[in-house]
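Notes for the one structure printed next.
What follows draws every value from the coordinates through simple rules; no lab data is involved. The structure displayed is predicted, hence computed values, not measured ones. Glycine gets a Cβ as well: all are built from the backbone with ideal geometry, and neighbour counts include every protein chain shown.
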Amino acid sequence: MNVEASFGGIYSRSESLVQTTRRLPPDLPARYREEKERIIAFQEKVGISHLVDPLSNWDDIFRPFTEELGGLTKGALARYYGNNTFYRQPMVISKITGNGNIALHHLDTDLLSRHATKKVTLPDPFTFADCCEDRFYGKKEDLMFDLAEVLAQEARTLHSSGFSILQLNGPSVAKVRDHGLLKRIGEATEIISKAFPSNTLLHLFFDDVSPIIRDLLDFKVDGIGIDFTTTKLTSLKDSGFDKILAAGLVDARSTHLEDSKQIASEGRLAQELLEPKGLHLVPSADLEFLPQEFANKKVSRLVKAAGIIEGDEHG
């Protein structure tokens, strides 16, 4: 089985960039690009499996869409799932429309190697809808499906631009316990996965997904990402896991540094218990919550852990 190490979403900003964003200098776009160059060079140095744009210029995972999708405007600041970070709540004022080029416009794809496998992250449509202040639709499912259509346009553009792995961040999905609603969320997610012919991974974090794992395995996605700081691996043993597993084995919200050998041991246990179609070692969530020094160390340890497992399998 191929074992890979990667991450997705918004990466931790350096303290220098944090201070720069508070001043809002005229050369801020250039400073964002310099930060991206450093983080991409770091990825190449440690041997990450899938290069990503670290989204240094994204203030939150919704912001480019909040500012540019038709039907949305910027609302109040809201706390992001109880964390000590905030996002600008998207306010829905009319029907959602898009052109499919928003995410790409906010990425620096020229910094990513032509020869590397490239990964990109979008919010999943239910999480996006759940985080909106809706003043138009009145029904969250209707908003979710319109968001799925515009995110599918984005996914199609990203695939044609060279990205071969799409991660959908779904923290709100992890909290759902209604099986009927989960079926509808799966249908909305499929709209996006159909638009992205390569691998689509739904990454779930901040909550225990063991009560809904069989519902999630019915989703038409290639892989499921699970935050193993909130879900016990052993609770998934008899789930019939038949997808790629993106195993969130390092805590994206703690500066505690996991040992590479222990990560590898847990990765091997995941292989044995779940027998996934593939194994990706990933952080439990986006690494934006940590100082960059710690984020870098955690990524390095994921890469080392993947190497340990691969060495065991081939040695």
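On full extension, the segment bounded by Arg22 and Asn99 gains 24.6 nm, given 0.36 nm per residue less the C-alpha separation. Which entries of Lys74/Lys277; Lys175/Lys243; Lys140/Lys277; Lys119/Lys261 have Cα-Cα distances beyond 29 Å here? Flagged as over cut-off: Lys74/Lys277; Lys140/Lys277. For the chain, the 222 nm mean residue ellipticity estimated from helices alone, with every DSSP H stretch of n ≥ 4 adding -39500 (n - 2.57) and the total spread over all residues, rounds to -12500 deg cm²/dmol.
Short-range pairs are left out: with C-alpha atoms under 8 Å and at least six residues apart, the relative contact order of the chain is 19 percent.
Distance between the 7 Å Cα→Cβ label points at Glu37 and Asp218: 5.1 nm.
Note on percent of Cα pairs over 28 Å apart: of the candidates (i) 42; (ii) 48; (iii) 36, the value calculated from this structure sits at (iii).
For Phe86, the amide hydrogen comes within under 5 Å of the amide hydrogens of Tyr80, counting only partners 5 or more places away or on other chains and with H modelled in the peptide plane. Taken as Cα centroids, the range 261-309 and the range 127-198 sit 26 Å apart, rounded to the nearest whole angstrom. Summarising the label geometry, the points placed 7 Å from Cα in the beta-carbon direction at Asp238 and Leu257 lie 4.1 nm from one another. The Glu44 and Lys194 beta-carbon pair, evaluated with R₀ = 41 Å, returns a calculated FRET efficiency of approximately 0.80. Computed extension gain for Leu273 through Glu187, at 0.36 nm per residue and net of the alpha carbon distance, reaches 28.1 nm.
Charge dipole (Cα centre; +1 on Lys/Arg Cβ, -1 on Asp/Glu Cβ; no other charges) of the range 1-155 amounts to roughly 380 debye.
Counting only DSSP beta bridges whose two residues both lie in the chain, roughly 20 percent are antiparallel.
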